[in-house]
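Asks: Before anything else, here's the structure in question.
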Amino acid sequence: MIPGIRFAMAGLMLCALQVSASNIDTITFGAPDSEAAHDFSTEQSDVITGGLGEPARELLPQSPFTFNGGSVGFHLAVNPTCQNYLTVKLWGSDKGAGRGRLILYLAGQQVGYRHEGDHDVLNQCDDEAVFQGRFLYQTVALPPRLTEGKTNVSLRIAGLGEMYSYGTTFSQYQKLFITPSRGIYRAYTHTNTFFEPDAAEKQGAYLAPQIRPPGPGEEIITQMRSTVNQRLQNLMVATKARGDQRSAQADILFLAEAYNTPWTTAYHNPKAIKALVRTGDLFLRPNVIGNSWVAAGPLGEAVLRVGIAPLERHLREEIEVPTNFPFVPDWHRREPLEEPSIKAAEAAPEKIRMTRREAWAKVLHASVDWNRKNGRRFYTNQSMIADRNIYTANRGLRLLDESEALPEAQAMRYLYEAVGLRPWLGNDLDDGGSSEPYGTNYMEITRKGLSRELGYVGTYGETILKFMRDIAELTGDENIRKQLIRVETARVNFRYPSLDADGFQQMKLVSEIDARTAHFPLSYGAYTIPDIREAWWMELPAFLKDPVSVGAAQQCLEENQYFPRLASRINDPDSLGMMRNVDEYAAVKELPKSNFRLPMTDGQPDYVFSDEQDAVVALKHGTERLFLNFYFRQEFGVSGVVRILDVGTNIMRIASVKSQVEVDSSGKTWTRPDIIDTERTGGLPPPGETIHQAWRGEKLPISRRPDDASRPKYGSWGPFVGKAAFYSLRYGDYLFGINTTTDETFELAVPQDQDKAQELVSRRELTLSGPLQVPPLSSVVLYFGK
């Protein structure tokens, strides 16, 4: 093994252990004397009286509207030899995605990325307020190449419209800035990773939150039953199925489960089977296979759920299909795939006749074969989607033509790999082996139970709870069920006490440190599975009936957060989820009381949860909740950026700071390019503007892949290459040491002025006489305070 190398500038290591007197300079926006003392300038901003009567500036839209908003420019002092940080003070009650984002410029160059980079935007607003009635402090690192040797720098904060990350053109991707930004109260420079405002500054007072009064109730369930039956009736009386493939996938699963749901109008109704068959024929069109991770999986699942007997008459019918059916793309040509359409199938010049059973079996066989050889994914949620549909297509095929189906054990292997019970081996090869791009021991779930991706993920990590629930129910496999309980038990550590949109008590998902999305706080809260489109909140307790999911659901009901969320989904297009939720709520309502409550809830004991494979820590210590993602959006090389959410009673901090790292080096480095948007692709930068990246040119060490891994190529993005072997970080009264390796021990240097500390993982009082040993896959958290 190549020995670990320490990656940090000498100056940065020297300054990293400082804990006091690190604040260098402050500007108070809207205060004339302070602005004048810092060479203040502005374009399109207004002074407002904001939170607690404090002055602030909000950035205004341009006229005519463009995606850029107004800006404020100023100078602040910096330390010429240390890593410098800039923190802004913001009012935690501000909300509204239309307020856009704040972008920081240093010496005219953009600091960080506009979309999901390790160096994040200075701030963004979302639909709900993140910290009502109190101040939020957000911190970003300043590039050393622009501060070294300097005592004063030129800074600018500019407004930018909200972003739709799935947009394919710039106008879809980048929205116009049409609403004034949130207020910017102060900006500070400092060298400490932990920003501490002056004691004289106003801070909001913590008020114990109240439980939301009862509002909407079970009448919502009654209304949803009616909606479900109306939608089923519409499908059953239609003369043809809905044309787009996404609708076909949803409709066939809805009809299949409704057929066996006693209270629905589709229950054992031949009209439901006719509608299902019409929809099933849409899977015989071009571009179904190879156009998504799903392919013909929903057709196979529908056959599995209703069984052959109700379908038998329709399966014997002869239908016409093109001579080149089934349509299997040439993956190696990488041709763009178009949305399937009825016209595409009708355009085929020649047709042949076969029974529907034969046609469905052929498309299911082709779906299984193509997806297992070409369509397997390494992101955990995507892996579960792809492999679930390999499995369901195969189960349907077994019922239609067992001779063409894979043995059940082989189909189950894909699911075991997807849920982390066996190593994920990638696409199948024609010789019967597997591609093994990440070696023979790459697990989709970490040893501690989180999804294994590129660090901790929030909402995408939560989707796997729903996907695993469905997989466990479809297979009846007890090992998958137990794995689901393990995963949910790990994920519930990432909810923190907050307030809902109306100011009542609510638990929120820790999305502020999410490596894959950029929205926080997540609306409507988080108890079992949070507010994601795939989930209706009662799936896990109704299915698992374990203390964790049942306790979390009961906490949600006690805090009166379930029915308001349900009321907001009264017109939700997810008909299947709505139908399931009717019975799931009824089941949960009858369960005995669980003593479990979410670990970060007020009154629960202090604890530390650390997942070294994802390099993430969740810590409850007194009234403080700390969440640290050490492996934060580092896809090409190790930058050492740690994303922190620090929730206290009166102050919230969101910080992106630099840690000390040791790297098992590949011997190669990655040089940060001059890109201001998404690092992987360059994103969709603004047309007509030349904006340079302030972090460009930074050389990052690339971590070594496992010996038997062939991907990612060094210089490309993917697992392993951006994760350090060891992280250490001093943050206020805390010192963290995280060992991510399976076979190395590292030393955690401790401050020379400290002789005692509490070790919060083991809950021991330590006498400090030198560095501490941190064994493989373990963490140390020292607390030096009282």
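The values are calculated or read from the model by the stated rules, or taken from the named source; none is laboratory data. Model, not experiment: these values are computed from the prediction. For neighbour counting, all protein chains shown are included, and Cβ atoms are generated from backbone atoms with ideal geometry for every residue, glycine included. Only protein heavy atoms, including side chains, enter the accessible area calculation; ligands, DNA and RNA are left aside. Shrake-Rupley method; radii C 1.70, N 1.55, O 1.52, S 1.80 Å.
Asks: Residue farthest toward the positive end of the dipole of the chain, with Cβ of Lys/Arg at +1 and Asp/Glu at -1: which of GLN410, LEU207, PRO80?
Replies: Farthest towards the positive pole: GLN410.
Asks: Mind giving me the nanometre distance, one decimal, between the label points for ASN427 and LEU768, set 7 Å out from Cα along Cα→Cβ?
Replies: In this crude spin-label approximation the distance works out to 5.2 nm.
Asks: To the nearest 20 debye, what is the magnitude of the charge dipole of the chain about its Cα centre, counting +1 on the Cβ of each Lys and Arg and -1 on the Cβ of each Asp and Glu?
Replies: Using Cβ point charges on Lys, Arg, Asp and Glu, the chain gives about 760 debye.
Asks: If you line up the Cα atoms of segment 163-301 on their principal axes, what length do they span on each, largest first, in Å?
Replies: 74, 44, 31
Asks: Moving to a separate point now. Taking amide H atoms as placed 1.01 Å from N in the peptide plane, list the residues 5 or more away in sequence, or in a different chain, whose amide H sits under 5 Å from that of PHE746.
Replies: The answer is VAL774.
Asks: Under a 1.4 Å probe, what is the accessible area of segment 503-613 per residue, stated in Å²?
Replies: Heavy-atom accessible area per residue stands at 32 Å².
Asks: Hey, if you put +1 on the Cβ of every Lys and Arg and -1 on every Asp and Glu Cβ in the chain, which of LEU142, TRP293, GLN613 ends up farthest toward the positive end of that dipole?
Replies: Working it through, the farthest residue towards the positive pole turns out to be TRP293.
Asks: Another question, then. Take the solvent-accessible surface of the protein heavy atoms, probe 1.4 Å, and return the percent of it on the chain that carbon and sulfur atoms account for.
Replies: Its accessible area is 50 percent carbon and sulfur atoms.
Asks: State which entries of LYS658/LYS723; LYS448/LYS658; LYS89/LYS620; LYS175/LYS466; LYS240/LYS271 exceed 21 angstrom in Cα-Cα distance in the structure shown.
Replies: On the way: LYS658/LYS723 14 Å; LYS448/LYS658 25 Å; LYS89/LYS620 24 Å; LYS175/LYS466 32 Å; LYS240/LYS271 13 Å.
Too far apart for the 21 Å limit: LYS448/LYS658; LYS89/LYS620; LYS175/LYS466.
Asks: Nearest 0.05, what FRET efficiency do GLU317 and ASP708 give at R0 = 35 Å with Cβ-Cβ as r? Mind showing how you got there, number by number?
Replies: On the way: r = 51 Å, r/R0 = 1.45.
Computed FRET efficiency for GLU317 and ASP708 comes out at 0.10.
Asks: Can you list the residues, at least 5 places off or on another chain, whose amide H is less than 5 Å from the amide H of GLY307, using H built in the peptide plane?
Replies: Long-range HN contacts for GLY307: none found.
Asks: Also, quick follow-up: Shape of the chain from its Cα gyration tensor (a ≥ b ≥ c, root eigenvalues): rounded if a/c is under 1.5, otherwise prolate when a/b > b/c, or oblate? Display every interim value, and only then the final one.
Replies: On the way: a/c = 1.72, a/b = 1.62, b/c = 1.06.
Verdict is prolate for the chain.
Asks: Ignoring ligands, DNA and RNA, what accessible area per residue does segment 95-180 give at 1.4 Å, in Å²?
Replies: I get 33 Å² per residue for this part.
Asks: Additional query: Report the calculated FRET efficiency for ARG533 and GLU759 (r = Cβ-Cβ distance, R0 = 45 Å), to the nearest 0.05.
Replies: 0.60
Asks: Between THR745 and LYS786, what is the label-point separation in nm under the 7 Å Cα-to-beta-carbon projection?
Replies: Result for the modelled spin labels: 3.6 nm.
Asks: I'd like the orientation of helix 459-475 relative to the chain: the angle between its Cα long axis and the longest Cα principal axis, in ° from 0 to 90, rounded to 10.
Replies: Roughly 30 degrees, rounded to the nearest 10.
Asks: If a/c stays under 1.5 just call it rounded; otherwise compare a/b with b/c (prolate if a/b is bigger, oblate if not). Do that for segment 679-764, with a ≥ b ≥ c from the square roots of the Cα gyration tensor eigenvalues.
Replies: oblate
Asks: Something else: On full extension of the chain, what length is gained from HIS268 through THR49, given 0.36 nm per residue of separation minus the C-alpha to C-alpha distance? Can you show the working numbers first?
Replies: Details: separation 219, 0.36 × 219 = 78.84 nm, distance 6.41 nm.
Contour length minus the Cα-Cα distance gives 72.4 nm.
Asks: When the convex hull of the C-alpha atoms of segment 55-184 is computed, what volume per residue in Å³ does it have?
Replies: Hull volume normalised by residue count: 115 Å³.
Asks: How far, in degrees from 0 to 90, does helix 575-589 lean away from the longest principal axis of the Cα atoms of the chain, to the nearest 10?
Replies: 80
Asks: Relative to the longest principal Cα axis of the chain, at what angle does helix 219-237 sit, 0 to 90 degrees, rounded to 10?
Replies: In the chain, helix 219-237 runs at an angle near 40 degrees to the longest axis.
Asks: Please name whichever of GLN230, LEU176, ALA275 sits farthest to the positive end of the charge dipole of segment 145-296, dipole taken about the Cα centre and charges placed at Cβ: Lys and Arg +1, Asp and Glu -1.
Replies: Farthest along the dipole direction, towards plus: ALA275.
Asks: Another one. Test of the criteria: in segment 547-622, which trypsin sites (Lys or Arg not before Pro) are in a DSSP loop and have at most 16 other Cβ atoms within 10 angstrom of their Cβ?
Replies: Here the trypsin sites (Lys or Arg not before Pro) that fit, given the DSSP loop and packing criteria, are LYS593.
Asks: List the residues whose amide H sits under 5 Å from the amide H of TRP695, counting only those 5 or more places along or on another chain, with H placed 1.01 Å from N in the peptide plane.
Replies: Answer set, sorted by chain and number: GLY112.
Asks: What's the extension gain from GLU558 to GLN210 if we count 0.36 nm per residue and subtract their Cα-Cα distance?
Replies: Roughly 124.1 nm would be gained on extension.
Asks: Which value in nm describes the separation of the simple spin-label points at SER171 and ASP127, placed 7 Å from the Cα toward the beta carbon?
Replies: In this crude label model, SER171 to ASP127 measures out at 2.5 nm.
Asks: Right, next: With the cut-off at 1.5 for a/c, could you classify segment 453-611 from its C-alpha gyration tensor as rounded, prolate or oblate?
Replies: It comes out rounded by the Cα gyration axes.
Asks: So what are the ³J(HN,Hα) numbers for segment 664-675, from phi and the Karplus equation (6.51, -1.76, 1.60; θ = phi - 60°), rounded to whole Hz, Gly and Pro as x?
Replies: 7, 7, 7, x, 10, 10, 10, 9, 5, x, 8, 10
Asks: Whole Å is fine, so just give me how far the alpha carbon centre of segment 409-479 lies from that of segment 736-764.
Replies: Segment 409-479 and segment 736-764 have Cα centres spaced 32 Å from each other.
Asks: Using the Karplus curve 6.51 cos²θ - 1.76 cosθ + 1.60 with θ = phi - 60°, work out ³J(HN,Hα) for each residue of segment 700-716 in order, rounded to whole Hz, and write x for Gly and Pro.
Replies: Running phi through 6.51 cos²θ - 1.76 cosθ + 1.60 with θ = phi - 60° gives 10, x, 9, 5, 7, 6, x, 4, 9, 9, 10, 10, x, 5, 4, x, 10 Hz.
Asks: Let me ask something additional. List, in order, the whole-Hz ³J(HN,Hα) value for each residue of segment 748-762 obtained from phi through the Karplus relation with A = 6.51, B = -1.76, C = 1.60 and θ = phi - 60°; use x for Gly and Pro.
Replies: 9, 5, 10, x, 5, 8, 10, 10, 9, 7, 8, 9, 7, 6, 8
Asks: Given 0.36 nm per residue, what is the gain on full extension from ASP244 to LYS593 after removing their alpha carbon distance, in nm?
Replies: 121.2 nm
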